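**Q** Handing you this structure, nothing more for now.
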Amino acid sequence: QVQLVESGGGLVQPGGSLRLSCVVSGSIFSIYAMGWHRQAPGKQRELVATMTSGGSTTYVDSVKGRFTISRDNAKNTVYLQMNSLKPEDTAVYYCNADVRTSVSGRRRPYWGQGTQVTVSS
């Protein structure tokens, strides 16, 4: 059993910052890629940022230069630093991680429950 728990969401004014955190716990043998997705009302879930276990990152164009993904492998935690927030960043943010739960097991994706980010004046 693997659990992902996000924190750090909330209400922020345009131009403000938030830092999301996601802790992975449970039966973990190895964690591979970790990332963040978001889903705004009436829209499909979209990839925001990912980071491989080796540190390579990808971002959706709309957040490049404003958001930064990072991870602390010792703490099984991934972060998303969000700066210069805009109203269009309003969404539920979900973290995900590719996890192998045993040496003989297969890696598979796990998801958190989501944390609400609202950007409004």
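The values are calculated or read from the model by the stated rules, or taken from the named source; none is laboratory data. These figures come from a predicted structure and were not determined experimentally. Quick reminder, even Gly has a Cβ in these numbers, built from the backbone with ideal geometry, and neighbours come from all protein chains shown. For the accessible areas, the whole protein counts, side chains as well, though only heavy atoms, and no ligand, DNA or RNA atoms are used. Shrake-Rupley method; radii C 1.70, N 1.55, O 1.52, S 1.80 Å.
**Q** Evaluate the Kirkwood expression for the hydrodynamic radius of the chain, namely the inverse of the mean inverse distance over all pairs of different C-alpha atoms, and round to one decimal in Å.
**A** Computed over the chain, the radius equals 14.5 Å.
**Q** Taking θ = phi - 60°, what integer Hz values does the Karplus form 6.51 cos²θ - 1.76 cosθ + 1.60 yield along segment 37-51, in sequence order, with x for Gly and Pro?
**A** So the J values, rounded to whole Hz, are 10, 9, 9, 8, x, x, 10, 6, 5, 10, 6, 9, 7, 9, 9.
**Q** Using a 1.4 Å probe over the heavy atoms of the protein chains, calculate the carbon and sulfur portion of the accessible area of the chain as a whole percent.
**A** For the chain, the apolar C and S fraction of the accessible surface comes to 47 percent.
**Q** Then there is this: Taking the chain as a Gaussian network, Cα atoms linked when under 10 Å apart, which of VAL24, VAL63, VAL78 shows the biggest mean-square fluctuation?
**A** It is VAL63.
**Q** For segment 34-121, with every protein chain kept in place, what is the accessible area per residue (1.4 Å probe, Å²)? Each step should come with its number before you reach the end.
**A** Numbers: 4750 Å² over 88 residues.
In whole numbers, segment 34-121 has 54 Å² accessible per residue.
**Q** Label-point separation (nm) for SER30 and SER70, each offset 7 Å from Cα along Cα-to-Cβ?
**A** Taking the simple label geometry, SER30 and SER70 are separated by 2.6 nm.
**Q** Please list, in order along segment 69-80, the HN-Hα scalar couplings obtained from phi with the Karplus expression 6.51 cos²θ - 1.76 cosθ + 1.60 (θ = phi - 60°), rounded to whole Hz, x for Gly and Pro.
**A** Here the 3J(HN,Hα) series is 9, 8, 8, 10, 5, 5, 9, 6, 10, 10, 10, 9 Hz.
**Q** For ARG108 and VAL5, FRET efficiency with R0 = 22 Å and r from the beta-carbon atoms, rounded to 0.05?
**A** 0.75
**Q** Pull up the cross-link candidates among the lysines for LYS86, meaning alpha carbon to alpha carbon under 21 Å and not fewer than 8 places away within one chain.
**A** LYS43, LYS64
**Q** Something else now. Report relative contact order for the chain in percent, whole number only (criteria: Cα-Cα under 8 Å, sequence separation at least 6).
**A** 37 percent
**Q** Now for a separate question. Report the calculated FRET efficiency for ARG19 and LYS43 (r = Cβ-Cβ distance, R0 = 25 Å), to the nearest 0.05.
**A** In this case the efficiency is close to 0.60.
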